[in-house]
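Read the structure below first, then the notes.
Values in this text are rule-based calculations from the coordinates and carry no lab data. Since this is a predicted model, take the numbers as computed values, not measurements. Here the Cβ positions follow ideal geometry from the backbone for every residue, glycine too, while neighbour counts run over all protein chains shown.
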Amino acid sequence: MTKITYVAFDGTRFEVEAENGSTVMENAIRNSVPGIEAECGGACACATCHVYVDDAWSAIVGSPEAMEEDMLDFAYDVRPTSRLSCQIRVRDELDGLVVNVPERQG
Ligand code: FES
């Protein structure tokens, strides 16, 4: 199990034990983290699972692939650390990951 912390826009922290192989988006939905909508269900086709990866984790999580980058154009208030959480797979090296939920989706 890999621990992920989601920080909601109001600062509330949600600490979640995530299974490796699942996505950061799936764990947010499963644990009712507010602000992650994931309308397309993880198909990289909606941009409503947008998160900001905490600065300390950005390099470890890595950059988006081309398809995700295109879809990020539709997200609200995109920043250098923006990712679509359905495209981040949980793995051992992400243990302790912190992601911030944006003010709104779309
Ligand atoms: Fe739709 Fe991530 S859930 S792009």
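Some points to look at:
- Of the GluC sites (Glu not before Pro) in the range 31-86, the ones in a loop by DSSP (not H, G, I, E or B) with at most 11 other beta carbons within 10 Å are Glu65.
- Charge dipole (Cα centre; +1 on Lys/Arg Cβ, -1 on Asp/Glu Cβ; no other charges) of the chain amounts to roughly 160 debye.
- Distances between every pair of Cα atoms in the chain, grouped in 10 Å steps from 0 to the bin holding the largest one, split as 17, 56, 27, 0 percent.
- Ellipticity estimate at 222 nm from DSSP helix runs (n ≥ 4, -39,500 (n - 2.57)) divided over the chain, nearest 500: -4000 deg cm²/dmol
- When the chain is described by a simple charge dipole with +1 on each Lys and Arg Cβ and -1 on each Asp and Glu Cβ, the residue from Val24, Ala47, Met71 located farthest towards its positive end is Val24.
- Virtual spin-label span in nm between Met67 and Arg30, 7 Å along Cα→Cβ: 2.2 nm
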